[in-house]
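Taken together, the values in this text are just the output of simple stated rules run on the coordinates, not laboratory data. None of the values given here were measured: they were computed from a predicted structure. No Cβ is skipped: glycine too gets one built from the backbone with ideal geometry, and neighbour counts run over all protein chains shown.
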Amino acid sequence: MIRHGAHEFLSAHADVADSGSPAYRELTEATVGAYAARFLDGPVRTVDEVGDGNLNLVFRVRGPDSSVIVKQALPYLKAAGRQWPLTRDRARIEADAIAVHSRCAPGLLPRVLYFDPTQSAIVLEDLDGYRSWRDILIDGHPSAGVAAQVGWYSAAILMGTASLATGERDQLRHQFGYSELCLVTEDLVFTAPFTGAASNRYDDELTGLVRALRRDRQLRMAVSGLLSAFKTREETLIHGDLHTGSVLVRGQQARVIDLEFAYYGPFGFDPGMLLANLALAYIAHEAVGELEFCATVAGFAREYWSALASGCRQQWSTDEFSCHQFLSALIADAGRFAGVEMIRRIVGLAHVQDIDSLPQPARLRAQQQAVSRGRTLITGPVCRGIDEFWLRATKEGVLG
Ligand code: SR1
Ligand code: MG
C-alpha cells in the first residue's frame, strides 16, 4: 500500500532536510558541486553538465570514489525556451514514479538518493558507463538482451499498477493524474504535427507532405480518437515517454530513465512508443543500405514484444483466453500510437537522431517512409500481432 510519495519518504529519512533551504534557483556548474557534496564519499572533484534532453538540467558530480547525477526541473520547456513556461511538478512525478515502477520491476530503474521539492531536484544513482540505447542503435552496435529487459519492464509496470486493490489504485491515480507534461504530449505528439503548428520543425523538402497531413481528414479523425484515448483511458501507470533514448545500456544491462511523463494512461501507449522508435531505427539503417543491422533491429522488436507478452501471461490472474484478448487489444492499440510517434518525430518539434543524422538523400527517403508507414498504422486495419505490426511499420504499402 502506498501511503506517501517517494519524495515524502526520502525527505523524511534524509538528515539533510530542507530546513532553511533557499528558494528555487537554477543550479549551475558553479553551484551544483556544493549542492551534491553531501552525497559523495569525499570532496567534489569534477562537475559536468551532461543533459542533452528537452526538459531539465542534468549534472554529473564526482567525488574521489563515487559520483551522483543531479537532475533539476526548469520552470520552462528547455527545448522551446522561456516562452514555454512549465511548472516544476514533473520532478515530484519522476521521483514518485521511479519508486512505484522499481517495486514492479526491481533493478531496471536508477536509484533515487534524494528528492528536493524546493529545488525540484532529484539526486540519482550515477549510471556511469551506460549509453543511451538510441546511440547504440545508431552506431549499429550490439545490444543483446536489452529489448527483452525493456519488454519485461513494460509487462511488470502495465500489469503491476493496473490490477491493484481499488483503494491503492485510486491513490496512485490521484498521485499520477493528468499532468502538465501530458498537455505537452497532447500538443507535440497528437496535435501540432497534424495541424501545421508553428512549433513544428521539418526539412523544406517535406513542406508538401506536411500540408497533406493537415488536409488528411481520415488521418486527423483517427488521430483525434487516439488523443481522446490518451486523455481519458486511466488504465495503468505508464512511463509516458518510452523511446529508445529513455533506455540506458551497459553491456547486457538495461535501465529505464526519465519518468517525468508518467501518468495513468492507456496500456498501449508505452509499447507503441518503443516499437515506433525501433521502427525508426530500422528505417534509418535501411535508408543507408545496412540491411544486416535492419534484421537485428527487427529481432529486437520481436524480443521486446515476446518478453512483454510472456510477462503479461505470467502475471495474468484470470484465464488464458482473457489474456489472449488483452494482448490482441494491446498490439492493436500500440500500432495506432506507434503511427503517431513515427510521424511526429519527422515533422514535429522533437526529432530523433537516428534519422536527423542521415546524409541526403537517405534522410529524405527515410523521412517520407516514416510518415507514410506511420499513416498506414493509424488509418489501416488494426494490427493483429507483432509480425503484422512490424510489416506495416517497415514495408511500404502493406495493409492486409
Ligand atoms: C521538445 S520537448 C518534448 C519531447 O521530449 C520528450 O522526451 C518527449 O518525447 C517530448 O515529446
Ligand atoms: Mg524524455
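Helix 291-315 and the longest principal axis of the C-alpha atoms of the chain enclose an angle of approximately 70°. Taken one residue at a time, the phi angles of the stretch 94-111 give Karplus couplings (6.51, -1.76, 1.60, θ = phi - 60°) of 5, 4, 5, 5, 4, 4, 5, 5, 5, 5, 7, 10, x, x, 9, 10, x, 7 Hz. Gly and Pro are set to x.
A dipole drawn for the chain from +1 and -1 charges on Cβ atoms has a positive end, and of Ala80, Ser317, Gln369 the residue lying farthest that way is Gln369. Each principal axis of the Cα cloud of the chain was taken in turn, and the coordinate range along them, longest first, works out to 63, 51, 38 Å.
Highest mean first, the peptides 255-261, 382-388, 290-296, 276-282 sorted by other C-beta atoms within 10 Å per residue fall in the order 276-282, 255-261, 382-388, 290-296. With the highest mean first, a sort of the peptides 324-335, 241-252, 148-159 on other beta-carbon atoms found within 10 angstrom per residue produces 148-159, 241-252, 324-335.
Listing Phe389, Phe59 from fewest to most neighbouring C-beta atoms within 10 Å gives Phe59, Phe389. May I ask for the distance between the Cα centers of the stretch 326-360 and the stretch 369-400, given as a whole number of Å? Result: 11 Å between the Cα centres. Between the alpha-carbon centres of the stretch 269-324 and the stretch 75-98 there is a gap of 29 Å. Karplus-derived 3J(HN,Hα) values for the stretch 142-158, using 6.51 cos²θ - 1.76 cosθ + 1.60 with θ = phi - 60°, are x, 8, 4, x, 5, 4, 5, 5, 5, x, 5, 4, 4, 4, 5, 7, 5 Hz; glycine and proline are entered as x. Think of each Lys and Arg Cβ as +1 and each Asp and Glu Cβ as -1; about the Cα centre, that makes the dipole of the chain roughly 900 debye.
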